[in-house]
1. Would a scan of the stretch A:296-306 turn up a residue that is surrounded by 14 or more Cβ atoms within 10 Å (Cβ to Cβ), of a type outside the set (D, E, K, R) and more than 24 Å from the chain's Cα centre (by Cα)?
2. Quick check on my filter: what residues within the stretch B:157-171 are within 13 Å of chain A (Cβ to nearest Cβ) and surrounded by 18 or more Cβ atoms within 10 Å (Cβ to Cβ)?
3. Applying the selection to the stretch B:3-17, what residues are over 17 Å from B:VAL31 (Cβ atoms) and touching a helix residue (DSSP H, G or I) at 6+ places or on another chain (Cβ under 9 Å)?
4. Which condition number in (1) more than 19 Å from the chain's Cα centre (by Cα); (2) modelled with pLDDT of 95 or more is the one that A:PRO86 fails?
5. Please list, ordered by residue number, the helices (runs of 4 or more DSSP H) wholly in the stretch A:14-130 having 2 or more residues that are β-branched (Val, Ile, Thr), surrounded by 15 or more Cβ atoms within 10 Å (Cβ to Cβ) and more than 9 Å from every other protein chain (Cβ to nearest Cβ).
6. Looking at the stretch A:257-324, what helices (runs of 4 or more DSSP H) fall wholly within it and have at least 2 residues that are without any contact (Cβ under 8 Å) to a residue 12 or more places away in the chain and among the basic types (Lys, Arg)?
7. Given the conditions (1) in contact (Cβ under 8 Å) with a residue 40 or more places away in the chain; (2) touching a helix residue (DSSP H, G or I) at 6+ places or on another chain (Cβ under 7 Å), report the number of the one that B:GLN249 does not fulfil.
8. Among the candidates B:GLY198, B:GLY227, which residue alone is modelled with pLDDT of 95 or more and not polar (S, T, N, Q)?
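The values are calculated or read from the model by the stated rules, or taken from the named source; none is laboratory data. If you're wondering where the values come from, they're calculated on a predicted model, not measured in any experiment. Backbone-built Cβ (ideal geometry, glycine too); neighbour counts: all protein chains shown.
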There are 2 protein chains.
Amino acid sequence: MKDLRELQHIISEAVERLELPDAPVELYEPVRYILSLGGKRMRPALLLMASDLFGGDITAALSPALAIEVFHNFTLVHDDIMDNAPLRRGKATLHERWGRNAGILSGDVMLVLAYQLLAKAESRLLGPVLEVFSKTAVGVCEGQQLDMDFEKRATVHIDEYLEMIRLKTSVLLGGALKIGALLGGASQQDAEHLYSFGEHLGIAFQLQDDILDVYGDPEKFGKQVGGDIMANKKTFLLIKALELADWGQASELKDWLGPDNANSDEKVNAITQLYNDLKVREYAEREMETHAEKAFKALDEISLPPQHKQYLKNFADGLLVREN
Amino acid sequence: MKDLRELQHIISEAVERLELPDAPVELYEPVRYILSLGGKRMRPALLLMASDLFGGDITAALSPALAIEVFHNFTLVHDDIMDNAPLRRGKATLHERWGRNAGILSGDVMLVLAYQLLAKAESRLLGPVLEVFSKTAVGVCEGQQLDMDFEKRATVHIDEYLEMIRLKTSVLLGGALKIGALLGGASQQDAEHLYSFGEHLGIAFQLQDDILDVYGDPEKFGKQVGGDIMANKKTFLLIKALELADWGQASELKDWLGPDNANSDEKVNAITQLYNDLKVREYAEREMETHAEKAFKALDEISLPPQHKQYLKNFADGLLVREN
C-alpha cells in the first residue's frame, strides 16, 4: 500500500509528463499553464489510493486519475471566468493572462481531454467508470449554478446550502474514490460506501472551511481570516445567523452586508460578535460532526481489512483538523 | 432504408422528447432553449443513416445521434459567446438572453450530457465510439481556435485555411458518419472511408458557402450576399485574392479592408470586381471540386451495395448545389 504523499507525488510527476499537442499553441499553452500551477493533487491521489486498497494496479488507474485532475482544473478555469477572479494559486488566472475566449475554449478542450484520459480505463470497466464520471461532472456544474444563484438571492435555506456544497465540492471527491474503487475491483456496494465516505467528508471539510474563515488561527489557516465576511459570502455561518437573528440582530447584520459598509476589521469584528451571540459556530460544528460521522460510518461498512481502511482514516483525520 | 428527411424527422422528435433535469432551472432552461431553436439536425440524421446502411438498428443509434446534436449545439453556444453573436437561427443567442456565465455553464453541462448520451451505445462498441467522438471534439475546439487566431493575423495561408475549415466543420460530419458506421457494424476500413467521405464533403460544402456568399443567387442563398466581404471575413476567396494580387490590387484590397471603409454596396462591388479580375472564384471552384471528388472516391471504396450508397450520393448532391 502506498500512502497519500507517495500517491500525490506519482500524480504530480504524471501531470508533468502529460502529453498535449503542440498546436494550436494558443489552445494548449493555457492548458499547460493551469496544470503547471500545482495544487495538492488530492482528488487523483485518492482515486489511486482507492484502487490500490482494493488490490488494483496503480499504473492502470493513472490515466483515469489524471482525468479527474484535468477535469478539476477545467472547472477552475471556467469558474474563474464566471467569478471574475484575477488570481489562482497566487498566479494570474488563465483568462486574466490569455483572455476570456481562450479561457472558455481551453477549458472546453480540457473537459474533452479528461474524457480521453478516462477512456483509457480497462474496457470492461469503461461503462461504469464513465457513468460515475459524467454524473459527477453534471453535479459539479449544478453546484456551480446554485452557487451563482445564491449570490443573487436574498435568502438561502441551510438545506439548499448543504446541497450546493455537496454538488460543488463533495461529489468530485466521492466520484474520484468510487472510480478508484471500481478500477480496483471493488464490489458495487463497497464502491457506493466509498462514494458516501468521500461525499460526507467533503461536506464536513467545507463546513470546517466556513468555520475556520472566522475562527481559525491566522497562523495555521491558509487564507485571510474574515475573508468570507468581507466578501458577504453566504456561508453556513451567515445563513444560520440570518435564520436565527431576532429583528434587531437581523437589521444590524443587514446593515453590515449593505453597500455602504466598506470592508474593515470593524465589520469582521461586529459580524463575528453576532455569530458568537447566535452561537452559529456550534450549529456549524454539529453539522460538520454529523457529516464526519456519516463518513466514518460509511467507511466502517466497507469490506476491507482494518489496516487498509486506516489509510482512508488517516486522510480524513488530516483533512478535518478539529483543533478544538 | 430510410431517407434523410425521415431520419431528420426522427431526430427532431427525439430532441423534443429529450429528458433533462428540472433543477437548477437556470442551468437547464437555457439548454432546452438552444435545443428548441431547431436547425436541420443534419449531423445526427447522417449518423442514423450510416448505421442504417450497414444494417444497424436505428433505435440503438438514437442516443449517440442525439449526443452529436447536443455536442453541436454546445459548440454553437460557446462559439456565440466568443464571437459576441447576438442572434442564432433568428433568435437571441443563449448568452444574450441569460448572460455570459449561463452560456458558459449551460454549454459545459451540454458537453457532459453529450457524453452521457454517447455512453448509451452498446458496451461492446463504447470504446471505439468514444474515441471517435473525443477526437472529433478536440478537432472542433482546435478549429475554433484557429478561426479566432486567423481573425487577428494579417496573413493566412490557403493550406492553413483549409485545415481550419476541416477541423471546425468537417470533422464533425465525418465523425457523425463514422460513429454511425461503427454502430451499424461496419468494418474499420469502411468506417474510415465514410469518415473521409464526410470530411471532404464538409470542406467542399464550406468552400461552396464561401463562393455563394459572393456569387450566389440572393433568392436561393439563405444569407445576405456579400456578408463575408462586409465582415472582412478571411474566406478562401479573400485569402487567395491577397495571395494573387499585384502591388496595386493588394493596396486597393487593403484599403477596402481598412477601418475607414464603412460597409457598403460599393465595398462589396469593388472587392467582387477584384475577385473577378484575379479569377479567385475559379480557384475556389477547383478546390471545391477536388474535395468533392475525394468524397465520392471514398464513397466508391465502401463495400456497400450501390443502392445503399445512393442515399449518401443523394445527400452529397443535395448539399453541393453546383448551380453553375
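1. Yes, because at least one residue in the stretch A:296-306 is surrounded by 14 or more Cβ atoms within 10 Å (Cβ to Cβ), of a type outside the set (D, E, K, R) and more than 24 Å from the chain's Cα centre (by Cα).
2. Within the stretch B:157-171, the first condition is being within 13 Å of chain A (Cβ to nearest Cβ), and the residues that meet it are B:160, B:163-164, B:167-168, B:171.
Within the stretch B:157-171, B:MET164, B:LEU167, B:LYS168, B:VAL171 meet the criteria.
3. Residues of the stretch B:3-17 over 17 Å from B:VAL31 (Cβ atoms): B:3-10, B:13.
Correct list: B:ASP3, B:LEU4, B:ARG5, B:GLU6, B:LEU7, B:GLN8, B:HIS9, B:ILE10.
4. (2)
5. On the way: elements: A:25-36, A:42-53, A:58-82, A:94-98, A:100-118.
Filter on the stretch A:14-130 gives A:25-36, A:58-82.
6. Working: elements: A:265-278, A:280-301, A:306-319.
Passing ranges, in order: A:280-301.
7. The single condition B:GLN249 does not satisfy is (1).
8. On the way: B:GLY227 fails: modelled with pLDDT of 95 or more.
The conditions single out B:GLY198.
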